[in-house]
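Read-outs throughout are calculated quantities, based only on the coordinates presented, and are distinct from any laboratory measurement. Worth saying up front: this structure is predicted, and the values here are computed from it rather than measured. Because the Cβ atoms are built from the backbone with ideal geometry, glycine has one as well, and the counts that use them run over all protein chains shown.
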Amino acid sequence: MNDADFLANVSLFSLMKRNDLERIATLAQRHSFGKGDIIIHEGDRDRRLFVILGGKVEVIKNLGSKKETCLGTFGPLSYFGEMALIDDLVRSASVVAKEDTQILSLNQLNLRREIENYPLISIELLQMLSRRIRVIEKTLINTLGGILPICANCKKIRDKNGSWIPMEVYISDRSETEFSHSICPECSEKLYPEFTKKCS
């Protein structure tokens, strides 16, 4: 199967005419990755869309850190990297080859031109983004826990081992959230009434 035939079976390009598929296929670049190779680095500026010809990849947040989280696995006919094409921001996660993998890449300029010619591509992209956001939401709920047992007084959270942990520690250990501490006006009045009156 040549690249044009392959692209015709990818949902993003399935509505395109044959001559457009062949043109895109000539613009695309082929890449081969071995198991464990990093295809995309989180934080990089890279304006390419990737289509998997063969093999499997994993999308991983915080690769190599204690907060490493697998967001999904994709195989042949799947595509990834579309978010950077839409928001022009850095890559939000790393992508690693789970096995020997072959990929086609398209740069940002080429894909945007195709969207102008085939507006339905943007609908497909929105649907894919929506599906992936739902997966991320589910991952976040699974990471933090759907229902968190929290102390009504000190606000510590009970983890699965039965230990009571300060809320900010619990959330920081399970996500990228970092906390800074301040004091709201109501608590300031309650705890430091003299100071509050002087400042008002």
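Some notes on this structure:
- Once the Cα-Cα distance is subtracted from the 0.36 nm per residue extended length, the residue 152 to residue 68 segment shows a gain of 27.1 nm.
- Using a Förster distance of 25 Å, the FRET efficiency for residue 134-residue 31 (Cβ separation, nearest 0.05): 0.30
- Helix-only [θ]222 nm of the chain, DSSP H runs n ≥ 4, -39500 (n - 2.57) each, per residue, nearest 500: -11500 deg cm²/dmol
- Toward the positive end of the charge dipole of the chain, with +1 on the Cβ of Lys and Arg and -1 on the Cβ of Asp and Glu, the farthest Cα among 27, 165, 128 is that of 165.
- Separation of alpha-carbon centers, the stretch 9-27 and the stretch 72-111, rounded to whole Å: 17 Å
- The value of relative contact order for the stretch 3-144, using C-alpha pairs under 8 Å at least six residues apart, is 30 percent.
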